[in-house]
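First comes the structure, then the notes that go with it.
Computed from the coordinates by the stated procedures, all read-outs in this text should not be read as laboratory data. Because the structure is a prediction, the values reported are computed rather than measured. Note: ideal-geometry Cβ built from the backbone for every residue, glycine included; neighbour counts use all protein chains shown.
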Amino acid sequence: MIITGSTQLLGVIGDPIAHSLSPVMHNAALAELGVDVVYVAFPVAAEGLEAAIAGFAATGVQGFSVTIPHKQAIVPLLAELTPEARAVGAVNTVWRTERGWMGTNTDVAGFVAPLKQRQGWAGKTALVLGNGGAARAVVAGCGQLGFAVVQVVGRSIQKLAEFKQSWVESPLALTLTTHSWVDLPTLLPTADLVVNTTPVGMHTTADQTPLTAEQLDRVPEAAVVYDLIYTPRPTQLLTLAAQRGLSTVDGLEMLVQQGAVALEIWLQRPAPVPTMRQALEKWLDHKMA
Ligand code: NAP
């Protein structure tokens, strides 16, 4: 595309940000739509967050994505939040309104999208490994899908207690329990869905898995194993789960779908989802080659 004086600006803030896949996905979509908009990565350190969004407000930035470490820190700096963002307590998408910046969390819709294609989650039990930012979107997503119970496993008793406490005021209609990793033998046989939200198995630890083959043997045969990681594809966890005959979902579709919802908010038109998916797959294949 030709960048002119009227080209509008979208972007992503984070630290580090150079590895972000969002520019690849969003610029492919913007090119497909033929709109005069570009999407760039802005490295913003924690101490520069307030200045950065004030700068965006004063210039022509129309909206932006938010990633680590700003997803929670940005909440008090925004004029308004959607119910999704309030429920999760974190924001990954921001746009301009007459009242100032508005924030939402599209990770919830992204997480839910591949599970919606499968029916019958009402009343079921999810086992969530990890209790960080992504686990918050997973819990909210399980609420939307009608799960009855979500069991969250973590390694810090204090963080687990804070995690559980943070949902007390939210309208979550499910039973949320927290556990340490040593409780897995009793939790695994009860799981209809197992979700890995830890970074264990991600590129630099690609030979690792949060659950061993022996642990996966305890999961019911009809269960689905969902790894939020999208590099490598598949992760060691999903390879072992497939060998056990379990259904698997990787993190790429969540990435695509959360981006599609964000783009639709910014542009107020449907996002070209197949183009976004293909751009990411092509980029990841090229990186892995
Ligand atoms: P985060 O806030 O840092 O949370 C990570 C969680 O994993 C924390 O609970 C952490 O425990 C736990 N953890 C870290 N290393 C561990 C280990 N060796 N053993 C056991 N637990 C460990 O990160 P996040 O934002 O939630 O992201 C987590 C993962 O989800 C990343 O791989 C990210 O790429 C992926 N993700 C994917 C998408 C997508 O669109 N597909 C979206 C968001 C995130 P402590 O609290 O004890 O440190």
**Asked** So what is the relative contact order of the chain, in percent, for Cα pairs below 8 Å that sit 6 or more residues apart?
**Response** 16 percent
**Request:** Nearest 5 is fine: what % of DSSP beta bridges in the chain come out antiparallel, could you say?
**Result:** 20 percent
**Asked** Taking springs between alpha-carbon atoms closer than 10 angstrom, which of Gln158, Gln243, Gln215 fluctuates most in the Gaussian network model of the chain?
**Response** Gln158
**Asked** Leaving out same-chain residues fewer than 8 places away, which aspartates and glutamates sit with a Cα under 18 Å from that of Lys71?
**Response** Asp15, Glu47, Glu50, Glu80, Glu84, Asp107, Glu162
**Added length on full extension, which subtracts the Cα-Cα distance from 0.36 nm per residue, Glu80 to Glu47** = 9.7 nm
**Message:** What is the distance in Å between the Cα centroid of the stretch 1-58 and that of the stretch 138-207?
**Reply:** 32 Å
**Complete:** With 0.36 nm assigned to each residue of separation and the Cα-Cα distance removed, Ala213 to Trp283 gains 22.2 nm
**Calculated from backbone phi, Karplus (6.51, -1.76, 1.60) coupling profile of the stretch 68-73 in Hz, x at Gly/Pro** = 3, x, 9, 4, 8, 4
**Fill in**
Computed from the beta carbon distance with a Förster radius of 51 Å, FRET efficiency for Ala54 and Ala242 to the nearest 0.05 stands at 0.60
**Request:** Extending each Cα 7 Å along its Cβ direction at Arg99 and Lys116, get the distance between those two points in nm, one decimal.
**Result:** 2.6 nm
**DSSP bridge pairs, the stretch 79-184: antiparallel proportion in percent, nearest 5** = 30 percent
**Prompt:** What residue among Thr106, Thr178, Thr186 shows peak mean-square fluctuation when the chain is described by a Gaussian network model with Cα springs under 10 Å?
**Reply:** Thr186
**Prompt:** Once both labels are modelled 7 Å past Cα along the beta-carbon direction, what's the Ala173-Gln268 spacing in nm?
**Reply:** 3.3 nm
**Message:** Please list, ordered by chain and number, the residues whose modelled amide H lies under 5 Å from the amide H of Gln208; skip anything fewer than 5 residues away on the same chain.
**Reply:** Gly201
**Asked** Can you tell which of Gly251, Gly48, Gly14 shows the greatest fluctuation in a Gaussian network model of the chain with Cα springs below 10 Å?
**Response** Gly48
**Built amide H within the under 5 Å cut-off of Val152, gap 5+** = Val128, Thr177, Thr178, His179
